Amino acid sequence: MRVEHIAFNVSDPNGMARWYCEHLGFSIKRKVMEPPWAHFIVDEHGSFMIEIYGNKSQPVFDYPQIAPATMHLAFVSMDLEADRERLLKAGAAAVTDGIEDLPGGDAMTFVRDPWGITLQLVKRATPMLD
């Protein structure tokens, strides 16, 4: 078995799907243009998919209150400073003050998307995935 997708119930699925496509390189694989407005979006490599929907009969997490170490989406970045700045200009919010160098040569930073979900931008000294 392999993971197909992770799902997020959010208050604005249309806006979030659009933002992830415009600013994180996703594309829409499938969408439902009626409630619950489900969008299946896939990363630029076609290897990771997120379902974004707005099911009003189910709770929406208070994403801004979830600690970054508790839950985050991690994105590989070759230029942490430029990607962080670009996302901040696009409406993301800073979680950390800048870039953190980690033992072993990795570096990372955290931002929150406009819906409060934490995004980790990471540059690995040695890539972990192909």
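Residues of segment 87-112 that are surrounded by fewer than 19 Cβ atoms within 10 Å (Cβ to Cβ), of a type outside the set (Gly, Ala, Ser) and over 19 Å from ALA67 (Cβ atoms): LEU88, LYS89, ILE99, ASP101, PRO103, ASP106. For segment 38-66, a tally of residues being outside any strand (DSSP E or B) and more than 17 Å from GLU22 (Cβ to Cβ) returns 18.
Among the numbered conditions (1) buried (at least 17 other Cβ atoms within 10 Å of the Cβ); (2) outside the structural domain of ARG112 (by TED's automatic domain parsing), the only one that ARG84 does not meet is (2). Residue-level check: of (1) over 16 Å from LEU119 (Cβ atoms); (2) outside any loop (DSSP other than H, G, I, E, B), TRP19 misses just (1).
The values are calculated or read from the model by the stated rules, or taken from the named source; none is laboratory data. In this text, all values refer to a predicted model and were calculated from it rather than measured experimentally. Note that we place each Cβ from the backbone using ideal geometry, even for glycine, and neighbour counts take in every protein chain shown.
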